Amino acid sequence: MSRILEVNDLSVSFQTYHAEVQAIRGVNFHLDEKETLAIVGESGSGKSVTAQSIMRLIEMPPGEFVDGSIMFAGEDLTQKSEKQMENIRGKEISMIFQDPMTSLNPTMTVGKQIAEALIKHQHMSKKEAHNQGIALLKLVGIPNPEARINQYPHQYSGGMRQRAMIAIALSCNPKILIADEPTTALDVTIQAQILDLMRGLQEKVGTAIILITHDLGVVANAASRVAVMYGGKIVETGTVDEIFYNPKHPYTWGLLGSMPKLDGSHETLQAIPGSPPDLADPPKGCPFVTRCPHAMKACKEHMPAYTNLSDTQKTACWLLDERAPKVELPESAIVGGTTVHG
Ligand code: SF4
């Protein structure tokens, strides 16, 4: 598989009224053709800022600072002008959001919104775009697409709106689809259907996907690799199996421990105590230090380097240093009976 996206040492800071917020701090990851990479973390971890930086939805200067590069098709997206990005957004890289109502235009029929992208990027005639719109609605499982194409977003259910968003996002056969919490606003049954749909479409259409989520449960059947983000950094990355069955970072343990278990026992469902660091004044050492039950002196002082545990798994934690005490994987993070959606 060839590499289509490479994010190198990406840092993004925002100037707020009070301080500079370091939302992403030296993030590295890549995406291969046709794969799904999940970026997982709590709100404020930097995962959505990472996604928005790739799409350049975050306007860069003035007031916002970027370091590092986002290489796509051999070119650095951080160096593109807004006009150049307009040709990339929607055509090469598309994005879907948690709430389709915020990105669908309520005053336009769904058909017109799909046609707009097709006419702009694929240079189709109105009639061709209409017919392709029907085919796309069918592809994403909207019943009776010939009639539904003429309806407005409010006439669709929540699940159907998300399907319509996916149809629009895929209309120009993008190389990358970024899905930012695509199922969070949906009930569990519809969540599973949308994840199934994305998985099926990926097989059919071949688009690579970056799935942004706070819920490790949605990742198991939807992604091939996972990057766990905390405090603006990727603290652990690996294949889905490595993250679920051989996690090494205490924050990943916490995320696994906060997933519901198959036996329905609430005792095993443990939220991670404490709150994420203030990125206007990020910790000098490990970002998880104030919440980590295993924190040591070194954790406060120095950011741990990555330890490569395999060709695909690497983890930034002082517990992997040979001088650190041995800590067992907590029982709550053992996946055996964990519920995974999809
Ligand atoms: Fe915990 Fe230290 Fe590892 Fe950070 S480096 S996760 S504080 S043990």
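The values are calculated or read from the model by the stated rules, or taken from the named source; none is laboratory data. Remember, predicted model here, so these are calculated numbers, not experimental data. FYI the Cβ positions are ideal-geometry reconstructions off the backbone, even for glycines, and counts take in every protein chain you see. With ligands, DNA and RNA removed, areas are computed over all heavy atoms of the protein, side chains included. Shrake-Rupley method; radii C 1.70, N 1.55, O 1.52, S 1.80 Å.
Could you please report the charge total around LYS284, scoring K, R as +1 and D, E as -1 over all other residues with beta-carbon less than 9 angstrom from its beta-carbon?
Combined, the nearby Lys, Arg, Asp and Glu give 0.
Out of the range 294-339, which GluC sites (Glu not before Pro) are coil in DSSP terms and have no more than 13 other C-beta atoms within 10 Å?
The qualifying sites are GLU322, GLU328.
If you take the alpha carbon radius of gyration of the range 208-259 and divide it by 2.2 N^0.38 Å, what ratio comes out, to two decimals?
1.02
Could you tell me which of MET95, ILE114, ALA295 has its Cα farthest along the dipole of the chain towards the positive end, charges placed at Cβ (Lys, Arg +1; Asp, Glu -1), taken about the Cα centre?
Working it through, the farthest residue towards the positive pole turns out to be ILE114.
Using mean Cβ contacts within 10 Å as the protection proxy, how do 7-13, 308-314 order, highest first?
Packing order, densest peptide first, comes out as 7-13, 308-314.
Residues of the chain: accessible area per residue at 1.4 Å, in Å²?
About 46 Å² of surface per residue is accessible.
What do you get for GluC sites (Glu not before Pro) in the range 1-110 restricted to DSSP loop and a cutoff of at most 13 other Cβ within 10 Å of the site's Cβ?
Counting only loop positions with at most 13 other Cβ atoms within 10 Å, the GluC sites (Glu not before Pro) in the range 1-110 are GLU59.
Leaving out ligands, DNA and RNA but keeping every protein chain, what accessible area does LYS175 have, in Å² rounded to the nearest 10, with a 1.4 Å probe?
100 Å²
Can you pull the one-decimal nm distance between simple spin-label points at LYS297 and TYR17, each 7 Å off the Cα toward Cβ?
With each label point 7 Å from Cα toward Cβ, the separation is 4.3 nm.
Cα convex hull of the range 246-333: mean projected area in nm², to one decimal?
The Cα convex hull of the range 246-333, projected and averaged over all directions, gives 6.7 nm².
Compute the acute angle (0 to 90°) between the alpha-carbon long axis of helix 110-122 and the principal axis of greatest extent of the alpha-carbon atoms of the chain; round to the nearest 10°.
Helix 110-122 sits roughly 90 degrees off the main axis of the chain.
At q = 0.24 Å⁻¹, work out log10 I(q)/I(0) for the range 1-54 with the Debye formula, treating every Cα as an identical point scatterer and leaving solvent out; two decimals please.
Computed log10 I(q)/I(0) values: -1.00.
Between beta-carbons, use under 9 Å as the cut-off and find the net charge around TYR156, counting Lys and Arg +1, Asp and Glu -1.
Summing Lys and Arg as +1 and Asp and Glu as -1 gives +3.
State, to one decimal in nm², a quarter of the convex hull surface area for the C-alpha atoms of the range 3-223, i.e. the direction-averaged projected area.
The orientation-averaged projected area of the Cα hull of the range 3-223 comes to 12.3 nm².
Heavy atoms of the protein only, probe of 1.4 Å, neighbouring chains included. What is the accessible area of LYS248 in Å², nearest 10?
Per-residue accessible area (LYS248): approximately 70 Å².
What net charge is computed for the residues neighbouring LEU186, neighbours being all others with C-beta under 13 Å from the C-beta of LEU186, Lys and Arg scored +1, Asp and Glu -1?
Result for the neighbourhood of LEU186: -3.
Pick out, from SER13, GLY285, ILE194, the residue whose Cα sits farthest towards the positive end of the charge dipole of the chain, with +1 on the Cβ of Lys and Arg and -1 on the Cβ of Asp and Glu.
ILE194
For the chain, give me the percentage of DSSP beta bridges that are antiparallel, rounded to the nearest 5 percent.
Antiparallel: roughly 60 percent of the beta bridges in the chain.
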